[in-house]
Each structure stands twice: as C-alpha cells, then as structure tokens.
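Remarks on the structure that follows.
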Amino acid sequence: MVTGDALVSPARSLPVASRIFYIPELLHLIFSFLDKESNVSNARVCRFWSDIALDAVWKEVDDMIHLFSILKPVLMNMHGTYEFVDIPGVSDWARFHKYARRVRCLRFNSDSVQGEAEVVLDEVARTRTSFEILPNLRELVWTCHDLSDLQRCLLFLHGQLKYLTVSMWSEPGKPSPLLADICARAPNLHTLKLHIKDPDMQLFGQIQLVVRNLHYLRKIVLPEFHFTSEVIQELSRMPNLGVIEFQHDLAMGPGNPKNVERFAPVLTHGAFPALYDLNLTARIDDLERFFQDPFAPVNITTLYVNSYAKHSAAEVRSFLSTLSQECKCLSRLHVILLNKEINQTPCTEDERLSFFTLQPLFSISNLTWFEVMHKYPLRITQDEIEELAMRLPSLEALELNPEPLFTRKPTLDLEALLPFTNHCPKLRYLGLFMHATGFEVPSARASFKPFHALQVLNVGTSTVESPKAVAAFLSLLFPPWCRLQFGITWTGRGTIEHRSLDLNTLVELSEGVDPWEEISTLLPALIQVRREEWERTRALKEEVEDLRIRTRLVRDTAERPPRDSCIIS
C-alpha cells in the first residue's frame, strides 16, 4: 500500500498544480474509470503510480489462468487441459503474493474457459504456502456444470469473503456437502447467490444450514420458484437478513412452478427482524393472507410480487388494500401478473384492472415506485390519470401496464403524459399503454411543461397512428437524455414454457414495433432542434427584457424635470 512518505517525497519538488497527481484517493478514483490496458501503462509511470495502478488492474479477475500464470507459465496440452510448465516453488509464491493481495473479485465460469483448469487448480492447492491464496478477496463468482469443478471453489473461501455466487448440486433428500464447507470456511458472508440447476431440488435442508451458520447474511438470491413456504419460514429466523430476491435468469436454474402453487409459511414472533426488500412468486390471495399474519414482515420498503395464476380485479384491489393497511413503510411496489390466457368474450372485464383497482395506492404515503403488469390494458380515463398524478406527486417511477398482450382497447392517448409533467417533478421512469395519434401540438403548447427528470419513457406495446406527428409531440416533452423504450418483456420471465407466446399474438405485437423504431430514430434530431429553438427564444426574451429596461430608464430620465443649481465661486 502507499505510505505517507511515498506521497510526500515525490511531490515536494513539483509545482503545486502537479501535486494533485500524488493524492492516492484522487488517483484511485481516476484509475477506476480507465480500462485495464490504460492502467497497465500507468503502472509503468513511476513507483508511486505503480502501486495504485496495479490495484486497479488486479481488482477484478475474470481470467483465472492469466492470474496463475504469474506463478509459472501455463500452457494447454494436447488433451485441452491447462498445466504449469514447472511446479511452482516458494519464491514463485512470494512473487505471486504481490499481485494476489490486490484481487478483490474473482469470477470463474466453466463455459468461458477454453480448456480444463483442474490440473492448474490442483497444483495450486498442493504447492500453496498459505491457506488464503487471495487474502483480500471479497467477492467470488463460481459457476460451472461439473461437481469436481465446483469443489475447487473451496480453495478461495476464507473469513474475509463477503459476496459469493455459486452453483449447487446435491443428492436427492440430502443437503449439499459443499454448502456445509462454504458455511464453515466463509462464515461472514453478507450476500449468497445460488445457481440451482435441478428444478426439483429440495432446498429446505440447505437453507437450514444457512440459517444455522451464516449469522451475518444480509442478502440471499435464488432462481424463481425456489422461495417456497418452508424456505421462507426458515429464512424468517435470520437476524440480519435484509433482502430476499429471486431472478428470472434461466442461467441460474429453471425452477418448478409447482413448488409455489400454495404459499402459506408459518411465522413466529420476531420473524424477519431486519427484512426490507422481499421478492415472492405466489398467488395474490395467498400473499394477502401472508401479510395479514400478525408476524408478517410489514416493515419492508420494497415488495416484488409475481403471479402466474388468473386473478380478478377485485382480488388485486383487495391485495393492494391489505398492503396499504399493513405495510406503512412501503416505497417500492411491483405487482407482476403473468397469466397469458386471453379471452375475447366480455367476461374478461372482471379480470381487467382499472383506476378503481389501484385506488388503495393513495393510502401508501411513502410510495415512490409502482409497477403493474397484466395481459389486458388498464381501464383508466384521462381525468383519472390527472387525479393519479396529483395524488402521487412524489413518484420517481411509474409503470402502468405499458405492455399488455391484448392491444385492442386502449383508453389513453399522448395527452396522458401531460399530468405527469405538471404534478410529478421527480419522475425518472414512466411506462404507459396508449394509442399514440397526431396530437395537436400547437394548441397544446401553452398547457404543459416538459419533463425535467425523465430518463426513460416505456411505451411497451402502445399503438401508433402517425409516427412523425408523435415524434414531434414527444420532442416537446423529452429532455435531451431521455430514452424511448418499447417492446415486450413477457418472454424473459418464468420457465421456458412461460416465456413462449401464441404465434398470432407475437406477430401482432412485433408489427407494432416498427413505428416506434422510426420515432426513436427521429427523436434525437427533433429534441436538438427544439432545444436550439428554446435557447434562441430565451435569448430573444432576455434581449427584449433588456431593451424594455433601457427604454424605461430613458423615458424616466426624459420625463424628470431639470433641477436648478447654483454655482458659488
């Protein structure tokens, strides 16, 4: 590390302006924005820079073979296996330690390695001179498809490790022996992310190990459908657990929807003492009963809910009403309803969500982020959009079902954007489903102001009638940095079966993408033209105001009567 003497010595003889390049904190910040090649060059500038630049070069390691080639050169033999050209000795390990202590994050993915690395790792395990090969390692990401490769991740576990991502295997009905080793070797983990390749793996025994041994765990991440009643029940006993999260990434494991068909964990007094962020996949009615439990985690600030079952609008409203009564601290709420069965008959109105369905949200005083997703368009009028924007002025993100699969009953047009420009100054992300037509831009110019904080407008599967007119209107609202987002995300959630859409639906939705691509292409130039027009208008207003002031001064001077004066000599 850099010492105080190392800082003072080279800087004394330099001009004051140049001494800033010998402030370690500033150099660390600058080097963190540079690529690896640039920092390799920086390491050659001087001894002072070398230490800081090498920290940046070796902070994150994605190529483990490259790292261990510092010990001894590594070659691939004719069988496609990496191996050292010679056995590493004590002096090699002493040289390696100079770089090993700089590594904070190590990532290994067996799919990205051209050859087999087990021989190198076995030689490292046999010849190492200390138990901790990477003593300052804080994050380890180890994903593979072979149990022998998985066991070799134990080489890098130690008490200072805080973040671990690892693949899991186990024999039916038995906890994975690897997880027991992880708990024993890295007891101070803060974040545990498990890739589970077997959708039917029973996690209850594994989670029991985690609960008993990882007392400092703050965050656990699993594939979707693995947070069953039994797993949630066990996790509720963890004293420091703040985040329970699932991810839709199939690379983490597919999961089995049958595991969460019924969700009814039995909680006890003191459950979830530190939880603030909760992700769950379950039926809406099961979740409502869960939050009505006297020991439910009602102090959470973020809730992400997935459901693949069919629910009526009344069930959704009841659920939101329960949340508004029980979860007073809630600031982020995501309600994702992924049932894809589309019925063309009028009875679908019972399922279709409306403004009335969402009204309980107004009782959640801290709400800054709300997302709802459903197969049918939201039934809401322009006046109701105006009321929603007025009642929720602190919103930072709002997604009002921008990508329904059934696109034939839109109730909003581009005018729906205007209430948010007037009432939601902090809004950064907005998603709406609209029928975008050629809104009368000149007549609307005086009735709204542009967005000031908006970064993304998600129009999802909205329909377009006149792309050029729509682009012209949006250019009046968008700040220069705002991005237009469109398309569907239904195909990125759930199992492989859930991700497939009916061919007719997919074709219909795909046809609506082309107009938005045209609008997205036109917008940057139009926004720039509007900005230049606005700047010219502002300059002209300032000039007119200056002339008005000058004219007033001249008029006041001309109208002022002359004053008599007396000169005494």
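The values are calculated or read from the model by the stated rules, or taken from the named source; none is laboratory data. No experiment lies behind these values; they were computed from the predicted model shown. Don't worry about glycine lacking a Cβ; one is built from the backbone with ideal geometry, like all the others, and counts go over all protein chains shown. All accessible areas refer to the heavy atoms of the entire protein, side chains included, with ligands and DNA or RNA removed. Shrake-Rupley method; radii C 1.70, N 1.55, O 1.52, S 1.80 Å.
Computed quantities for the displayed model
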item	result
Anchor Lys449: lysines whose Cα lies under 26 Å away (excluding residues fewer than 8 positions away in-chain)	Lys426, Lys468, Lys541
Cα gyration tensor, segment 97-215 - rounded (a/c under 1.5), prolate or oblate	oblate
P(r) weight above 22 Å for segment 73-164, C-alpha pairs, percent	29 percent
Centre separation in Å (Cα based) which lies between segment 177-240 and segment 125-157	20 Å
Entries of Lys59/Lys98; Lys197/Lys310; Lys197/Lys340; Lys258/Lys340; Lys197/Lys219; Lys98/Lys219 with Cα pairs more than 23 Å apart	Lys197/Lys310; Lys197/Lys340; Lys98/Lys219
Accessible surface of segment 190-236 [probe 1.4 Å, protein heavy atoms]: carbon and sulfur percent	45 percent
Cα gyration tensor shape for segment 495-547, rounded if a/c is under 1.5, else prolate or oblate	prolate
Gain in span if fully extended, Lys310 to Asp293, counting 0.36 nm per residue against the direct Cα distance	3.8 nm
Rounded to the nearest 10 Å², the accessible area of His498 at probe 1.4 Å	50 Å²
Pairwise FRET efficiency - Asn422 versus Asn240, Cβ, R0 = 45 Å, nearest 0.05	0.55
Within segment 55-183, percent of DSSP bridges classed antiparallel, to nearest 5	20 percent
Computed Kirkwood radius, in angstrom, where 1/r is averaged over Cα pairs of the chain	28.5 Å
For segment 286-428, size of Cβ-based charge dipole, Lys and Arg +1, Asp and Glu -1, in debye	200 debye
Charged-residue dipole, Cβ positions (Lys, Arg, Asp, Glu), segment 494-534 about Cα centre, Debye nearest 20	240 debye
Among Tyr82, Asn109, Leu164 - extreme Cα towards positive end, dipole of segment 48-191, charges at beta-carbon	Leu164
Gyration tensor (alpha-carbon) shape descriptor, segment 269-377, a/c threshold 1.5	prolate
Sequence-separation-based contact order of segment 179-308, relative, with Cα cut under 8 Å and 6+ spacing, percent	23 percent
By accessible area with a 1.4 Å probe, ligands and nucleic acids excluded, highest first: order of Glu497, Glu533, Glu60	Glu497, Glu60, Glu533
Helix-only mean residue ellipticity at 222 nm for the chain, each DSSP H run of n ≥ 4 adding -39500 (n - 2.57), per residue, nearest 500	-11000 deg cm²/dmol
